[in-house]
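Q: What follows is a single structure, and I will ask about it in a moment.
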Amino acid sequence: MVQITLPDGSKREYPGPVSVADVAASIGTGLAKAALAGKINDKVVDTSFVIEQDSPLSIITAKDADGLDVIRHSTAHLLAYAVKELFPDAQVTIGPVIENGFYYDFSYKRAFTPEDLAAIEKKMTELANKDEAVVRRVLPRDEAVQYFKGLGENYKAEIIASIPSNEDVSLYREGAFEDLCRGPHVPSTGKLKHFKLMKVAGAYWRGDHRNEMLQRIYGTAWASKDDLQQYLHRLEEAEKRDHRKLGRELDLFHIDECSPGTVFWHPKGWSIWQQVEQYMRKVYQDNGYQEVKAPQILDKGLWEKTGHWDKYRENMFTTESEKREYALKPMNCPGHIIIFKQGIKSYRDLPLRFGEFGNCHRNEPTGSLHGIMRVRAFTQDDGHIFCTEDQIQAEVTAFTSLLQKVYADFGFTNILYRLSTRPEKRIGTDESWDKAEKALAEGLRASGCEFEYLPGEGAFYGPKIEYTLKDALGREWQCGTIQVDPNLPERLDAEFVGEDGERHRPIMLHRAIVGSLERFIGILIEQHAGALPAWLAPVQVAVLNITDAQSDYAREVAEKLQKALPNQSVRVVTDLRNEKITYKIREHSMQKLPFILVAGDKEKAAGAVAVRARGNKDLGVMSVDAFVELLSKDIAAKA
């Protein structure tokens, strides 16, 4: 007898070994039709998998996250099947599942065209409609190598040859196509209905630039037509919001080949930068941080002491002077420790909070660069808190509450909290890890946060919290972090005098809220689709005249606005061109300005302006003072 325990705790008994498909069928025909795979002791298996001993079992359907992975993995194989049908000379390589979809790499004598992609997708649909069974078999490694060599699939044979010789390998066949794979897969191709091929890109074989450039076809697959359409709509929205596109259209910045991976900020883009930086500087000042500035270039010996030279050397820009080797800093923490070490520090000085808008350089591969989101030169709102173990929890609570307010001011209220705990390879005692992990968890709880644990994802020297914000399209951006580090103070010999008169090592908390300012501004642009709230907008108001008769008045209004708000100059432009007012309004609306003021003869006579808010909202005619009050409230609310 074989006893199966289902997720609801109920048990079913079978006279002998039983397949996942048979279990599903015994529960009901609806489940049997919906079954894509099974899950036994956290391992996902094919529906053909035979259970020979008492086991817990979950039937996986398209409603489950594991089911969606199975669909995407199987669709990658369907893609390879279709390519081989249409282009028999193409060689298949690998085809994994990725976020929201899959890809498959091919070696072929010419580049695939958009027309090829359309034909491949059509062929995939034809093959899926055949509803061919997907069948697994196992071969000894050497036999599998010879099998794929016989098919002319040299890349696949090379992959199998890298597997230990004493291991068997599994193959999956659907119709005329058979591929190497661990599985699991859907029981038949008819389960694959909702997919779309997205694009073709280049990819080096095994990720090595010395190898052949392959062609990578990307696709997406979903459990339902509605899910697929929603995803494609999100992609369309994301394209409209792309910060690179909006950066050009709104004249904010550009990237130039004379300095790859660095940003050339235009006046309007630099205005956004300044608003973010000055806001964060005020955050420093109001929350007990002392702003510091460490050098850009530090001696190689320092990076050797910190351990960065051994682990991070390939990503560091270096230079030499007078036979000494230096590196541009990829992070700010060593500089802050050197500042901390100047003068004797007492326990009474702790916690000591340093903040810096630190310029960092990292030699990122060209292929990973992405607009201003991934660059080689960036500035962080970097901060380091020197404290004792007993102060960690209070600092985490205060930091989390501060971070929540900052994100809300920038328009983000959906935050995910993740606590990464000790990895297998680590330094420090279990006692110190227990204390640090507990302090981080209690710090989050004290801030009212629900969070998830990421076991084993901490750094080798300490646990950390990652703060991930969700944007208007539901995309996740990990920006904030706070990380416990007793290691770097130890390596650089940082000390403080304790209440007992003895010398002790401080704990260093690495923390950032927005992270890279470049990346965060890119996120802001996409979050707001370029229509930044008035407090951040590079131009807040445009004053337009209807005819030359109001030119002087329009200038007077602009000058009054510039001086109207205390502690701040309104960012205002005038447009006095001899153009139709409808043309000028449309042009400034395309620039996504928060407010457009129109001055005609009636407005001039009344000392007023006609106010239009973003989104083509007509707010009517009001006095300049009334508009100033409106603008002031809008800026203060950070709406």
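Q: Quick test of your reading of the structure: ALA610 fulfils all but one of (1) assigned to a loop (DSSP other than H, G, I, E, B); (2) more than 22 Å from ALA529 (Cα to Cα). Name the failing condition by number.
A: (1)
Q: Please enumerate the residues belonging to region 488-534 that are touching a Pro at 6+ places or on another chain (Cβ under 9 Å), crowded, with 19+ Cβ neighbours inside 10 Å, closer than 25 Å to LYS305 by Cα and not hydrophobic (A, V, I, L, M, F, W, C).
A: The answer is PRO489, PRO506.
Q: Pick from region 73-112 the residues that are out of contact with any Pro (no Cβ under 9 Å at 6 or more places or on another chain) and within 19 Å of TYR231 (Cα to Cα): which of them is surrounded by the fewest Cβ atoms within 10 Å (Cβ to Cβ)?
A: It comes out as GLU99.
Q: Considering every residue within region 251-270, establish whether at least one is of a type outside the set (A, V, I, L, M), in contact with a Pro (Cβ under 9 Å, 6 or more places away or on another chain) and either buried (at least 17 other Cβ atoms within 10 Å of the Cβ) or more than 17 Å from PRO538 (Cβ to Cβ) (or both).
A: Yes, region 251-270 contains a residue that is of a type outside the set (A, V, I, L, M), in contact with a Pro (Cβ under 9 Å, 6 or more places away or on another chain) and either buried (at least 17 other Cβ atoms within 10 Å of the Cβ) or more than 17 Å from PRO538 (Cβ to Cβ) (or both).
Q: Please verify whether ARG216 is basic (Lys, Arg), in contact (Cβ under 8 Å) with a residue 12 or more places away in the chain, within 28 Å of ASP64 (Cβ to Cβ) and in a strand (DSSP E or B), treating the condition exactly as stated.
A: yes
Q: Here is a further query. Which of the strands (runs of 3 or more DSSP E) contained wholly in region 41-149 include at least 2 residues that are of a type in the set (D, E, K, R) and under 30 Å from GLY16 (Cβ atoms)?
A: 134-140
Q: Hey, can you tell me all the residues within region 21-40 that are in a strand (DSSP E or B) and either among the acidic types (Asp, Glu) or touching an Asp or Glu at 6+ places or on another chain (Cβ under 7 Å) (or both)?
A: ALA37, LYS39
Q: Let me ask you something else. Where in region 289-374 are there strands (runs of 3 or more DSSP E), lying fully within it, with 1 or more residues that are of a type in the set (Ser, Thr, Tyr)?
A: In region 289-374, the matching strands (runs of 3 or more DSSP E) lie at 289-291, 318-321, 324-328.
Q: Working carefully through the options ARG248, ARG244, ARG216, find the one that is over 18 Å from the mean Cα position of the chain (by Cα), more than 23 Å from ILE98 (Cα to Cα) and of a type in the set (Lys, Arg).
A: ARG248
Q: Return the residues of region 485-510 that are in a strand (DSSP E or B) and modelled with pLDDT of 95 or more; say none if nothing qualifies.
A: The answer is PHE496, VAL497, ARG503, HIS504, ILE507, MET508, LEU509, HIS510.
Q: Restricting the first residue to region 305-319 and requiring it to be in contact (Cβ under 8 Å) with a residue 40 or more places away in the chain and on the phi > 0 side of the Ramachandran plot, which pairs with a second residue that is of a type in the set (Val, Ile, Thr) and in a helix (DSSP H, G or I) meet a Cβ separation below 6 Å and a spacing of at least six or different chains?
A: If the second residue must be of a type in the set (Val, Ile, Thr) and in a helix (DSSP H, G or I), no pairs are left.
Q: Collect the residues in region 511-546 that are in a helix (DSSP H, G or I) and of a type outside the set (Lys, Arg), keeping them in residue-number order.
A: LEU517, GLU518, PHE520, ILE521, GLY522, ILE523, LEU524, ILE525, GLU526, GLN527
Q: Does LYS617 count as farther than 17 Å from TRP535 by Cα and of a type in the set (Lys, Arg)?
A: Yes: the conditions hold for LYS617.
Q: A follow-up question, please. For region 86-101, enumerate the residues that are under 29 Å from the mean Cα position of the chain (by Cα) and closer than 19 Å to TYR204 by Cβ.
A: Those that are under 29 Å from the mean Cα position of the chain (by Cα) and closer than 19 Å to TYR204 by Cβ: THR93, ILE94, GLY95, PRO96, ILE98.
Q: Further question on the same structure: Going by the structure shown, is ARG519 basic (Lys, Arg) and either farther than 30 Å from GLY371 by Cβ or touching a residue at least 24 places away in the same chain (Cβ under 8 Å) (or both)?
A: When the stated conditions are applied, ARG519 passes them.
Q: Take the residues in region 591-614 that are touching a residue at least 60 places away in the same chain (Cβ under 8 Å) and within 34 Å of the chain's Cα centre (by Cα), then tell me which one is surrounded by the most Cβ atoms within 10 Å (Cβ to Cβ).
A: PHE595
Q: Restricting attention to region 557-586, which residues are under 22 Å from ARG248 (Cβ atoms), touching a residue at least 12 places away in the same chain (Cβ under 8 Å), not in a loop (DSSP other than H, G, I, E, B) and not aliphatic (A, V, I, L, M)?
A: ASP575, LYS584
Q: Looking at the structure I just gave you, is TYR347 hydroxyl-bearing (Ser, Thr, Tyr), surrounded by fewer than 17 Cβ atoms within 10 Å (Cβ to Cβ) and either in contact (Cβ under 8 Å) with a residue 12 or more places away in the chain or over 21 Å from LEU403 (Cα atoms) (or both)?
A: yes
Q: Can you spot a residue in region 380-389 that is over 29 Å from GLY498 (Cα atoms), buried (at least 17 other Cβ atoms within 10 Å of the Cβ) and not aliphatic (A, V, I, L, M)?
A: Yes, because at least one residue in region 380-389 is over 29 Å from GLY498 (Cα atoms), buried (at least 17 other Cβ atoms within 10 Å of the Cβ) and not aliphatic (A, V, I, L, M).
The values are calculated or read from the model by the stated rules, or taken from the named source; none is laboratory data. The shown structure was predicted, so the numbers you read here are calculated from the model rather than taken from an experiment. Every residue, glycine as well, gets a Cβ built from its backbone with ideal geometry; the counts of neighbours run over all protein chains shown.
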